[in-house]
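J.: Provided herewith is a single structure, encoded as structure tokens, for subsequent inquiry.
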Amino acid sequence: MTEDVAEDGTGSTSAVPFISRVRIKNYKSIASCDVRLGPLTILVGPNGSGKSNFLDALAFMTRALETTPEEAINERGGLGEILRRVPGGADSFTIAVETTRPFWPAWPELPTTYGFEIGPTQNGTGFEVIREDCIAQGERWISRLRLEHGSGVGTLSGVEVSYKAPRGRLALQTFGGEPFESLYYSLRSPRFYNFDTQTLRRPQSSAARPLLQHDGEALGDVLAALATDFPVSKARLDAYVNAIVPDATAVKAQRAGGYMTVSLKTNIEGDDYEFSSLAMSDGTIRAVAMLAALFQPEALDGRLALVGIEEPETALHPAAAGVLFDALTEASERVQVIATSQSPDLLDREDIDPSVVRVVVMRDGLTVIGEVDEVSREIAAQKLYTLGALMRGDQLTPAPSEGGDAEE
């Protein structure tokens with residue numbers, strides 16, 4: 001594997017978001033939302049507003065396709081922990097996405113919609129996939145997969161065939177044929193991160209595949225692969241680390257037997273020092289993990305379609321927020337990035353584009369997600385206040401919804 005470097009030395013780029021729209025209904029605190037996404041989207045709002053629930057809905061779809069809906073439900077404590085509870089209980093939940101991704105190398109981006117609704121069975125002893133729908137449309141053709149209660153039809157090359165999904169599986173996992181098969185593998189690829197500092201600090205078993213796991217497992221393997229196969233991107237990662245920790249010169253992976261550890265190389269008044277992961281601050285090691293998630297090999301070579309990161313600024317000095325924002329922006333040229341934040345510091349800059357921000361608030365026990373309201377946009381455009389200052393003063397609110405829910 002070698003680095004694919006563009007003229008600017010930063011690698012090949014693409015600004016087309018994989019998931020362009022997300023519609024969710026009755027998932028945890030989200031009664032209904034219709035959110036459009038770009039290459040970079042930052043969900044901002046106070047703690048407990050429901051930012052994580054939005055990311056978790058996307059993670060649920062990925063996990064249900066990677067394994068089974070049952071496993072994804074059980075990992076979240078059962079169906080009762082997923083269904084919206086207020087006001088009144090919901091009978092089912094729906095997750096639907098619109099994607100734009102080239103399914104064949106020679107083809108242009110192909111818009112596709114995919115979604116499912118899950119709820120309890122009629123006898124209440126389990127759950128079922130109530131509805132599953134996928135539509136992919138080219139210039140002269142349309143392919144569709146539509147099922148209710150596990151049975152339905154699929155259309156390929158104009159031919160409609162009856163289909164029954166295997167028990168406990170989603171139809172997109174098993175139907176086969178293009179473009180469904182490519183969409184299935186694409187929707188399995190997103191990775192969502194909520195780093196655990198204990199996991200990041202301890203020696204980790206070396207993995208065969210340098211893919212960062214949700215808690216930070218495989219950090220050393222990712223850094224080692226970058227140093228070997230993507231030296232330009234590894235240099236960019238080290239440059240960001242240096243901007244966060246001025247005395248740092250590089251972050252390094254070390255192999256000890258079958259284990260990998262991480263250390264921080266520094267130069268202080270001309271003398272070189274090396275600090276183990278145990279000596280690194282929480283903010284520093286979390287920042288290294290975030291940068292590894294953004295610049296990991298599978299994000300650079302196109303195998304990773306989307307990266308979601310929970311509160312990347314946690315435990316960092318507020319002055320480092322601008323560095324994190326720059327890293328998120330640069331990475332979004334190659335892989336779609338969604339990040340959550342409750343820190344106004346991340347938005348404390350005059351050059352931020354309000355279109356990358358989604359404001360999240362809790363109203364009457366329900367999550368509301370929307371673009372930056374028009375008044376705040378105008379204030380930011382006139383440089384009267386930054387979006388961060390408005391958020392700090394509790395003046396940043398979501399614009400009214402344009403309507404629509406998670407139904408197809």
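J.: Which of the following residues is farther than 30 Å from A339 by Cα, in contact (Cβ under 8 Å) with a residue 60 or more places away in the chain and of a type outside the set (S, T, Y): G152, G126, G168?
T.: Among G152, G126, G168, only G168 is farther than 30 Å from A339 by Cα, in contact (Cβ under 8 Å) with a residue 60 or more places away in the chain and of a type outside the set (S, T, Y).
J.: In addition: Being more than 30 Å from E148 (Cβ to Cβ) and either in contact with a Lys or Arg (Cβ under 9 Å, 6 or more places away or on another chain) or at pLDDT 95 or above (or both) is the filter here; which residues of region 398-408 pass it?
T.: Those that are more than 30 Å from E148 (Cβ to Cβ) and either in contact with a Lys or Arg (Cβ under 9 Å, 6 or more places away or on another chain) or at pLDDT 95 or above (or both): P398, A399.
J.: Among the candidates R349, R377, R334, single out the residue that is more than 19 Å from the chain's Cα centre (by Cα), modelled with pLDDT under 95 and basic (K, R).
T.: R349
J.: Could we say that V251 is assigned to a strand (DSSP E or B), modelled with pLDDT of 95 or more, closer than 21 Å to L278 by Cα and not acidic (D, E) here?
T.: For V251, the condition - assigned to a strand (DSSP E or B), modelled with pLDDT of 95 or more, closer than 21 Å to L278 by Cα and not acidic (D, E) - is met.
J.: So which residues in region 147-176 are within 30 Å of the chain's Cα centre (by Cα) and surrounded by 17 or more Cβ atoms within 10 Å (Cβ to Cβ)?
T.: Hits for region 147-176 are L147, G150, G154, A165, R169, L170, A171, L172, Q173, F175.
J.: Considering region 278-301 alone, what residues qualify as being of a type outside the set (A, V, I, L, M) and free of Cβ contacts under 8 Å to residues at least 60 places away in the same chain?
T.: Keep residues of region 278-301 that are of a type outside the set (A, V, I, L, M), which gives 281-284, 286, 295-298, 301.
Listed by number, the residues that qualify are S281, G283, T284.
J.: While we're here: Can you report the number of residues in region 218-234 which are buried (at least 19 other Cβ atoms within 10 Å of the Cβ) and on the phi < 0 side of the Ramachandran plot?
T.: The qualifying residues number 11.
J.: Would you be able to tell me the number of residues in region 183-240 that are among the hydrophobic types (A, V, I, L, M, F, W, C) and in a loop (DSSP other than H, G, I, E, B)?
T.: Taking region 183-240 first, the residues among the hydrophobic types (A, V, I, L, M, F, W, C) are 183, 187, 192, 195, 200, 207-208, 211-212, 218-219, 222-227, 230, 232, 235, 237, 239.
Now drop any that are not in a loop (DSSP other than H, G, I, E, B), which leaves 195, 207-208, 211-212, 218, 230.
So the count comes out to 7.
J.: Is there a residue in region 257-267 that is assigned to a loop (DSSP other than H, G, I, E, B), at pLDDT 95 or above and of a type outside the set (F, W, Y)?
T.: Checked against the condition, which is being assigned to a loop (DSSP other than H, G, I, E, B), at pLDDT 95 or above and of a type outside the set (F, W, Y), region 257-267 yields no hits at all.
J.: Hey, among R144, R140, which residue is surrounded by fewer than 18 Cβ atoms within 10 Å (Cβ to Cβ) and not in a strand (DSSP E or B)? Working first, answer last.
T.: Working: R144 fails: not in a strand (DSSP E or B).
Being surrounded by fewer than 18 Cβ atoms within 10 Å (Cβ to Cβ) and not in a strand (DSSP E or B) holds for just one of R144, R140, which is R140.
The values are calculated or read from the model by the stated rules, or taken from the named source; none is laboratory data. Source: prediction; values computed, not measured. When we count neighbours, we look across all protein chains shown, and the Cβ atoms used for this are built from the backbone with ideal geometry, even at glycine.
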